[in-house]
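Data block below; observations after.
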Amino acid sequence: MASSPNLEKNLSLLTPDQVELGMMLLEMGQAHLFDSWPDLGIDDDHKKCFFHQVALLNSSYPGGLASYIKTARELLADSKAGKNPFDGFTPSVPAGEILTFGDDNFIKYEETGVKQVQYTAFVLVAGGLGERLGYNGIKVALPMETTTGTCFLQHYIESILCLSEASCRQAQGECPRDVPLVIMTSDDTHERTLHLLESNAYFGMKSTQVKLLKQEKVACLADNDARLAVDPKDIYKIQTKPHGHGDVHSLLYSSGLLREWKDAGLRWVTFFQDTNGLLFKVIPAALGVSATKGYHVNSLAVPRKAKEPIGGITRLTHADGREMVINVEYNQLDPLLRGTGHPDGDVNCETGYSPYPGNINQLILELGPYIDELSKTSGAIKEFVNPKYKDSTKTAFKSSTRLECMMQDYPKTLAPSARVGFTVSDPWLAYAPVKNNPDDAAKVPKGNPYHSATSGEAAIYRSNNMILRLAGIKVDDPVSQVFNGQEVEIWSRIVWKPKWAVTFADVKRKVSGNSSVSQRSTLVIKGRNVLIEDLSLDGTLVIDSVDDAELKVGGSVQNYGWTIESIDKDDRALPEEMRIRGFKINKLEQLEKSYSEPGKFSLKL
């Protein structure tokens with residue numbers, strides 16, 4: 001074991017546990033961490049803080065820092081040698097369910113899935129700030145759409161609550177429990193997420209339903225020997241970076257929540273990301289697929305074009321007989337196919353899409369097998385390392401690196417007997433993430449998704465229009481407009497609260513007759529029992545009512561309405577959430593009706 005005179009001079013300052021940590025660091029080849037330490041009596045408080053950080057890094061990683069360093073050395077050696085992580089594996093198309101929104105099969109799965117909601121825990125992976133988007137708040141506080149200003153977190157919580165109520169109605173009994181929601185936060189987002197919840201009375205959830213689990217960072221690596229990187233601004237601090245959203249598994253395991261849920265009779269855990277405003281339109285049907293097919297792992301997916309920059313769900317079979325169904329990143333899938341007897345690589349099939357569906361990082365796991373698997377690994381997920389080398393010798397890094405893990409890599413450790421599948425749904429229904437800032441989105445080649453706040457909001461309107469069209473309402477085709485350098489389809493601005501409809505069956509029950517909505521119109525439905533019958537809308541109509549009021553709405557509405565106006569994204573006088581979209585809603589005129597008393601009402605306009 002290497003020695004460190006500088007550490008030895010300071011041993012009397014340390015507790016027995018800290019001395020043990022210091023010895024572990026020396027044993028793991030980390031003596032350099034103490035090279036600049038002065039004698040006892042100088043900066044003693046800083047030295048104690050160093051060991052507080054080491055203790056946190058050690059306790060928050062499955063197996064501790066020694067395990068982290070050991071794994072890092074192995075992965076860095078593989079990286080330097082250019083080892084292919086898929087060497088020996090042959091890809092093939094896995095089995096899964098492809099849904100068509102609105103058909104009998106979809107409705108059947110949706111109904112089955114709603115029944116399962118009362119046996120489901122929801123996990124929101126929300127560790128990021130919106131800085132990458134050009135928004136300085138937490139991403140879940142970003143308005144999902146600007147017609148109502150509803151933020152992502154509010155929409156998610158209201159969707160879960162309404163699905164839970166629908167599940168209990170189907171069960172024809174009282175809900176035996178409150179459906180739990182876990183939010184994975186980070187140092188950057190934890191306090192702000194808590195403040196957002198508390199200042200909005202948890203958006204209708206009980207505070208006891210919501211658990212925040214804070215993700216810790218991991219140590220950075222300075223070289224191929226996995227020497228931990230000293231913070232360039234502080235010799236008493238190890239540089240750290242995020243480990244990745246795969247930490248959600250170890251956090252759930254170590255928290256004890258999984259066992260609590262199992263004991264309470266829960267069966268499923270549904271994971272979802274922080275800025276996809278469409279996902280709850282497909283989650284009920286996907287839950288139904290999991291329950292019907294008995295999937296231990298169900299990855300939600302969308303059709304993807306060959307070579308599109310989104311990972312593909314793939315079955316991998318090793319020469320030794322091992323099998324797994326996992327996400328393979330797009331830049332790995334094409335060369336993997338070319339190297340295993342597919343000279344054209346990843347190509348579109350007769351459907352016009354790649355046979356390998358696109359992973360959208362929403363997972364449904366069966367709780368029992370999930371606990372069994374995590375009990376073997378303590379929640380640890382297969383990691384990877386992606387160092388940026390200075391040159392072809394691969395001996396020095398451009399900057400420090402770290403081990404990373406991804407939530408969707410959970411199936412890598414599963415036995416071949418595990419039932420792993422996927423559910424593919426229409427992109428317009430399930431996938432509109434907000435993850436690119438305006439400048440980056442404007443550089444996306446035409447025809448590829450922008451994944452920006454601009455396209456994310458446009459996708460919500462499109463989805464709601466398509467759903468109402470399938471339910472029998474005549475909605476006009478969209479017009480193309482350019483905002484922040486992105487050409488998007490602008491449909492009628494149709495928005496409803498989850499309590500009006502969380503399933504297609506809900507929509508169909510509340511729409512009848514011959515109704516139409518013009519392209520320039522805005523329709524906002526906030527009431528639970530609002531029935532649309534023979535409505536002709538050319539302008540803006542906003543309807544709200546208490547839960548015990550039933551309201552039939554019909555007739556003709558025409559006014560100047562609300563218009564979408566382009567704005568300059570560099571105009572600092574405007575709010576950030578508006579500038580990253582490139583447009584604002586100009587509210588010229590509207591018809592607004594609100595019913596605050598219970599009863600049956602008819603609004604014939």
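The values are calculated or read from the model by the stated rules, or taken from the named source; none is laboratory data. Values in this document were obtained by computation on a predicted structure and should not be read as measured data. We place every Cβ from the backbone using ideal geometry, glycine too, and count neighbours over all the protein chains shown.
Among the residues making up the stretch 572-605, those that are in contact with a strand residue (DSSP E or B) (Cβ under 9 Å, 6 or more places away or on another chain) and basic (Lys, Arg) are Arg581, Lys584, Lys587, Lys593, Lys600, Lys604.
For the stretch 530-577, taking the residues that are at positive phi and over 35 Å from the mean Cα position of the chain (by Cα), the one that is surrounded by the most Cβ atoms within 10 Å (Cβ to Cβ) is identified as Asp534.
For the stretch 436-462, a residue qualifies if it is touching a Phe, Trp or Tyr at 6+ places or on another chain (Cβ under 7 Å), crowded, with 24+ Cβ neighbours inside 10 Å and hydroxyl-bearing (Ser, Thr, Tyr), and exactly one does: Thr454.
Inside the stretch 256-308, residues that are over 26 Å from Leu213 (Cβ atoms), out of contact with any helix residue (DSSP H, G or I) (no Cβ under 9 Å at 6 or more places or on another chain) and modelled with pLDDT of 95 or more make up a count of 2.
Would you pick out the residues in the stretch 110-146 that are within 30 Å of Gln170 (Cα to Cα), in contact with an Asp or Glu (Cβ under 8 Å, 6 or more places away or on another chain) and not β-branched (Val, Ile, Thr)? Listed by number, the residues that qualify are Leu124, Met144. The criterion of at least 2 residues that are polar (S, T, N, Q) is met by the following helices (runs of 4 or more DSSP H) wholly inside the stretch 10-107: 44-59, 64-81. Across the stretch 231-280, the number of residues qualifying as assigned to a helix (DSSP H, G or I) and among the acidic types (Asp, Glu) comes to 3. Scanning the stretch 358-375 for residues that are assigned to a helix (DSSP H, G or I) and in contact with a helix residue (DSSP H, G or I) (Cβ under 9 Å, 6 or more places away or on another chain) gives Leu367, Gly368, Tyr370, Ile371, Glu373, Leu374, Ser375. Against the numbered list (1) within 30 Å of Ile138 (Cα to Cα); (2) in contact with a Lys or Arg (Cβ under 9 Å, 6 or more places away or on another chain), Ala573 comes up short only at (2). One residue alone among Gly102, Gly113 is assigned by TED's automatic domain parsing to the domain that holds Leu279 and either closer than 16 Å to Leu300 by Cβ or of a type in the set (A, V, I, L, M, F, W, C) (or both), and that residue is Gly113.
Considering every residue within the stretch 486-494, establish whether at least one is in contact with a Lys or Arg (Cβ under 6 Å, 6 or more places away or on another chain), aromatic (Phe, Trp, Tyr) and under 24 Å from Ile157 (Cα atoms). Scanning the stretch 486-494 turns up no residue that is in contact with a Lys or Arg (Cβ under 6 Å, 6 or more places away or on another chain), aromatic (Phe, Trp, Tyr) and under 24 Å from Ile157 (Cα atoms).
Matching residues to (1) crowded, with 21+ Cβ neighbours inside 10 Å; (2) under 19 Å from Leu251 (Cβ atoms); (3) outside the structural domain of Val117 (by TED's automatic domain parsing); (4) of a type in the set (Asp, Glu):
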{"site": "Val347", "(1), (2), (3), (4)": "no, no, no, no"}
{"site": "Thr351", "(1), (2), (3), (4)": "no, no, no, no"}
{"site": "Gly358", "(1), (2), (3), (4)": "yes, no, no, no"}
{"site": "Asn361", "(1), (2), (3), (4)": "yes, yes, no, no"}
{"site": "Leu374", "(1), (2), (3), (4)": "yes, yes, no, no"}
{"site": "Ser378", "(1), (2), (3), (4)": "no, yes, no, no"}
{"site": "Arg402", "(1), (2), (3), (4)": "yes, yes, no, no"}
{"site": "Thr413", "(1), (2), (3), (4)": "no, yes, no, no"}
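If the condition is being acidic (Asp, Glu), in contact (Cβ under 8 Å) with a residue 40 or more places away in the chain and farther than 26 Å from Tyr156 by Cβ, then the stretch 341-387 contributes Asp346, Glu373, Glu383.
Residue-level analysis places Lys211 among those that are charged (D, E, K, R), in contact with a strand residue (DSSP E or B) (Cβ under 9 Å, 6 or more places away or on another chain), closer than 28 Å to Gly288 by Cβ and at pLDDT 95 or above.
All of Pro416, Pro387 fail the test of being in contact with a strand residue (DSSP E or B) (Cβ under 7 Å, 6 or more places away or on another chain) and either at pLDDT 90 or above or assigned to a helix (DSSP H, G or I) (or both), apart from Pro387.
If the condition is being touching a Gly at 6+ places or on another chain (Cβ under 6 Å), in a loop (DSSP other than H, G, I, E, B) and not basic (Lys, Arg), then the stretch 295-335 contributes Tyr295, Ile310, Ala319, Glu329.
Just need a number here: residues in the stretch 308-336 that are buried (at least 19 other Cβ atoms within 10 Å of the Cβ) and within 19 Å of Gly82 (Cβ to Cβ). Number of matching residues: 4. If you check Leu287 against the conditions, is it in a helix (DSSP H, G or I) and crowded, with 24+ Cβ neighbours inside 10 Å? Here the answer is yes, as Leu287 does meet what is asked. Taking the stretch 390-413 as the range and being out of contact with any helix residue (DSSP H, G or I) (no Cβ under 7 Å at 6 or more places or on another chain) and part of a helix (DSSP H, G or I) as the test, the residues that pass are Gln408, Asp409, Pro411, Lys412. The combined condition, being under 26 Å from the mean Cα position of the chain (by Cα), farther than 30 Å from Ser164 by Cα and part of a strand (DSSP E or B), is not fulfilled by Val495. I'd like to verify a number: residues in the stretch 421-451 that are more than 18 Å from Gly358 (Cβ to Cβ) and either in a helix (DSSP H, G or I) or among the hydroxyl-bearing types (Ser, Thr, Tyr) (or both), how many? So the answer is 5. Count of the stretch 476-507 residues, restricted to those that are of a type in the set (Gly, Ala, Ser) and crowded, with 20+ Cβ neighbours inside 10 Å, is 2.
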